Ligand code: F6R
């Protein structure tokens with residue numbers, strides 16, 4: 001949700017900012033803007049993509065070694081040039097960029113208007129720039145102190161960066177609820193929403209904590225809280241490399257990320273189990289073994305695709321470890337006064353580790369005494385830091401807005417956890433673990449093999465690209481896969497799609513089925529195979545077009561379905577890891593054929609840091 005990048009040092013800032021904004025564009029792409037200080041404070045901003053900003057800026061003065069850039073996902077005020085960031089204070093001396101929402105902006109704005117301020121935009125952000133200036137004028141405090149005092153008046157979430165025409169050696173950033181990382185180079189500093197704009201220049205970074213302000217002043221970094229307590233920044237060295245955040249020859253990040261799944265699944269399970277010994281070695285959970293043995297219930301919270309991974313988790317933990325599980329949309333959980341006990345384990349799943357609703361759900365559960373395990377992909381993000389323990393998924397940076405490799409990585413780790421928990425609770429033997437882990441180890445190759453169906457999927461995409469609706473059906477472990485398939489299709493191709501438990505279809509959605517309706521069915525050979533076949537018959541009887549995902553060598557469904565995509569056989573509980581792949585490819589190719597922007601679908605953003 002909005003991308004922020006800033007630079008102070010000895011190089012020209014503009015190229016660093018533009019490159020950084022392109023890397024952050026996945027966070028929002030309604031508008032983009034930069035502010036550059038070179039004697040004058042020059043602001044350039046434009047509705048649309050970073051490329052539109054670049055066009056608009058051609059031939060203009062973009063000099064300056066202090067600057068900041070912003071790519072926006074609109075919250076307050078429609079996406080247009082005026083509402084784009086950066087925003088200026090009343091006298092135009094202070095510029096600000098912001099990711100988040102200032103909830104009390106209307107009250108602050110009213111008070112500022114009474115004091116003679118006038119505003120150009122509809123944004124909450126502009127109010128903060130005016131407030132800082134107002135405080136500076138009334139107190140005579142330096143810029144950094146005025147920022148601190150202003151933040152004490154703000155309610156809401158923010159990552160902000162501020163520069164001022166009158167302070168050419170200062171760069172100030174602060175965070176509460178939205179991420180901000182500071183990069184420390186050789187005589188230069190960077191600030192950004194994530195590390196991707198920074199790693200080309202330095203791997204030394206510090207992640208700000210909530211309520212912290214970073215001041216770069218005359219070449220030195222200091223950090224303090226908004227309550228004026230000095231902090232020693234924790235500097236860490238990033239392992240991220242540049243290659244991981246580039247397209248590597250693929251047309252889109254999404255396609256690259258789909259094809260990376262054999263590796264990302266492998267990386268997410270590697271070193272965490274021993275298939276020969278049947279042992280589970282998730283060191284980070286070691287001190288919680290007693291808790292795991294005695295817990296009464298698991299509550300899984302997440303949003304979107306991560307919520308779908310949570311649903312697979314529900315099947316896994318109940319089926320394998322015999323622990324009752326509830327899977328909750330984080331956004332509902334946080335507001336419905338849920339019953340949470342100290343014996344509960346809350347598993348928060350999030351690719352970005354920054355999703356505001358998931359973070360709020362964690363805070364609520366923590367207050368009530370539950371133990372929190374975070375399962376996230378972005379190292380150093382807020383959710384792992386707010387959790388008691390957990391694991392990273394090691395899927396590598398996911399830049400396509402539609403989540404693909406993060407989902408399978410989440411499911412892979414949840415599978416390990418389910419077996420690890422089962423062993424601790426006496427529900428699985430070493431031998432069960434040996435068998436399960438041996439099969440889990442073979443999944444990356446099976447995914448590799450499944451990816452070979454791409455040519456067939458392209459042909460299917462050509463046939464169905466103009467459909468107006470799609471139905472996705474599955475049962476058991478196939479149900480979350482169906483939901484995920486439908487979500488992928490609607491978010492990147494804008495075709496309406498519904499995921500349903502196959503048997504539930506007859507309670508309503510069956511009314512939609514006619515010869516125009518493609519129905520994607522997960523019909524792999526498992527315990528409920530025969531039941532799914534009956535559901536396929538029901539669709540066929542109404543002339544629906546069946547696209548079935550079947551187990552290699554299947555001949556029964558093949559006789560009924562209009563199209564079959566074969567996937568390698570595996571254990572039922574591992575099927576989501578494989579069956580998801582053709583559905584990701586189907587949505588990708590349909591979206592490409594429809595001319596959609598696959599990596600940056602309309603209205604979406606990768607990291608949803610607002611409610
Ligand atoms: C779907 C998608 C979203 C995210 C959701 C949660 O492709 O990307 O539905 O899954 O916004 O995001 P994270 O996992 O970052 O918490």
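Between the helical axis of 13-24 and the dominant principal axis of the chain, each derived from Cα atoms, what acute angle in degrees is found, rounded to the nearest 10? So the inclination is approximately 20 degrees. Computed per residue of the chain from DSSP H runs no shorter than four, each worth -39500 (n - 2.57), the mean residue ellipticity at 222 nm is -11000 deg cm²/dmol. May I ask for log10 I(q)/I(0) of the range 42-100 at q = 0.14, 0.15, 0.16 Å⁻¹, from a Debye sum over the Cα atoms as equal point scatterers with solvent left out? Log-scaled intensity ratios, in q order: -0.40, -0.46, -0.52.
Mean separation of Cα pairs under 8 Å and 6 or more residues apart, divided by the residue count, gives the range 30-79 a relative contact order of 47 percent.
Taking other Cβ atoms within 10 Å as a rough exposure proxy, 505, 560, 68 sort from fewest to most as 560, 505, 68. What percentage of all Cα-Cα pairs in the range 303-419 are separated by more than 16 Å? Summing the P(r) of the range 303-419 above 16 Å gives 56 percent of all pairs.
For helix 478-493, report the angle its Cα long axis makes with the longest principal axis of the Cα atoms of the chain; keep it between 0 and 90° and round to the nearest 10°. Taking Cα atoms only, the helix is inclined about 50 degrees. Each Cα pair under 8 Å and six or more residues apart adds its separation to the average, and for the range 294-341 the resulting relative contact order is 44 percent. Ranked by how many other Cβ atoms sit within 10 Å of their own Cβ, fewest first, the residues 52, 554 fall in the order 52, 554. Considering only beta bridges that DSSP places wholly inside the chain, some 60 percent are antiparallel.
The alpha carbon gyration tensor of the range 72-114 gives principal lengths a ≥ b ≥ c with a/c of 1.5 or higher and a/b no greater than b/c, which makes the shape oblate. Where both residues lie in the range 79-229, what percent of DSSP beta bridges are antiparallel, nearest 5? So the antiparallel bridges amount to about 95 percent of the total. Our Cα-only numbers for the range 82-208 put the radius of gyration and Dmax at 14.7, 47 Å. As a length-normalised measure over Cα pairs under 8 Å and 6 or more apart, the relative contact order of the range 73-163 settles at 39 percent. For the range 158-299, the gyration tensor built on C-alpha atoms gives an oblate shape. Its axis ratio a/c (a ≥ b ≥ c) is at least 1.5, and a/b is not larger than b/c.
Can you tell me the 0 to 90 degree angle between the C-alpha axis of helix 430-450 and the longest principal axis of the chain, rounded to 10? Helix 430-450 and the main axis of the chain meet at about 80 degrees. Using only Cα atoms, locate the centre of the range 441-460 and the centre of the range 542-611, then give the distance between them in Å, rounded to an integer. Cα centres, the range 441-460 to the range 542-611: 11 Å. Residue order for 371, 404, 609, fewest other beta carbons within 10 angstrom first, comes to 371, 609, 404. Is the chain best put as rounded, prolate or oblate by its Cα gyration tensor, with a ≥ b ≥ c the root eigenvalues, rounded for a/c under 1.5, and otherwise prolate when a/b is larger than b/c, oblate when not? It is prolate, given that a/c is not under 1.5 and a/b is the larger ratio.
Read the figures in this text as sums done on the coordinates, not as results from a lab. A quick note: this is a predicted structure, and the numbers were derived from the prediction, not measured. Quick reminder, even Gly has a Cβ in these numbers, built from the backbone with ideal geometry, and neighbours come from all protein chains shown.
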